[in-house]
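*Asks:* Mind looking over this structure? Questions follow.
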Amino acid sequence: PAWIKLNDADGCDPNNGDSIFVDLSVILPPNTDPVVSTTLGGTVNPDGEIDIEVNTFDDLNFEVTAVDTDGDLVMLDLIGADFNPADFNMQFIGSSGVGSTSSDFSWSTTCDMAELEGDNEFLLYFQATDDDRCKIPNADTVSVRVRLVPPPNEAPVLDIDGISSGDTLT
């Protein structure tokens, strides 16, 4: 709201003015949300996360893309839920671009990353944020839950020549 007062410089009648009250409003330009997508298959669970299983020693590779249809600068990042993806040798270089950007995710898994008794789940958030002209950012996130399947590990079997199964050796 603005109150505008106008008064002339007449020396004889200093109170000969007028005023007007104006209620101004700013109409911001459209600001669409960025949209994140991946080339990753998998199923979507009830929490909206993409579920994927990876066997130990396999590689996981896919592309992540962010698009902002109104042409804002869009930034794409990877966030690990309660862990640092770099600590597990997950490779993803954040990127930015006007209107769109993309980056590749890659992960070469090893035994060191899998716990034989643990759940071995890694929740990844791929987040796009736009840098709007009016400084009102929007964001979108794709959540990927990766379950690392440890390699099979069966107990060894000991055979001794001349001893039948169930016999005792002293």
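The values are calculated or read from the model by the stated rules, or taken from the named source; none is laboratory data. These numbers come from a predicted model, not from an experiment. Every residue, glycine as well, gets a Cβ built from its backbone with ideal geometry; the counts of neighbours run over all protein chains shown. Protein only, heavy atoms only, side chains kept; ligands, DNA and RNA dropped before computing areas. Shrake-Rupley method; radii C 1.70, N 1.55, O 1.52, S 1.80 Å.
*Asks:* May I ask for the Kirkwood hydrodynamic radius of the range 60-112, worked out over all distinct Cα pairs and given in angstroms to one decimal? List each step's numbers first, then the result.
*Replies:* Values: mean 1/r = 0.0821 Å⁻¹.
By the Kirkwood definition, the hydrodynamic radius is 12.2 Å.
*Asks:* Can I ask one more? Mind listing the Cα extents of the range 4-90 along all three principal axes, in Å, largest one first?
*Replies:* 95, 26, 25
*Asks:* Give me the 1.4 Å probe accessible area per residue for the chain, excluding ligands and nucleic acids, in Å².
*Replies:* Ligands and nucleic acids excluded, the result is 68 Å² per residue.
*Asks:* While we're on this one: Which residues in the range 63-81 place their backbone N less than 15 Å from a point set 7 Å from the Cα of residue 131 along the Cα-to-Cβ direction?
*Replies:* 68, 71-77
*Asks:* Whenever you get a sec, compute what percent of the accessible area on the range 65-112 sits on carbon and sulfur atoms (1.4 Å probe).
*Replies:* Values: 1200 of 2490 Å².
That fraction is 48 percent.
*Asks:* While we're on this one: How long are the semi-axes of the equivalent ellipsoid of the range 1-157, defined as square roots of 5 times the Cα gyration tensor eigenvalues? Whole Å, largest first. Walk me through the numbers on the way to the answer.
*Replies:* Values: eigenvalues 677, 42, 31 Å².
The answer is 58, 14, 12 Å, longest axis first.
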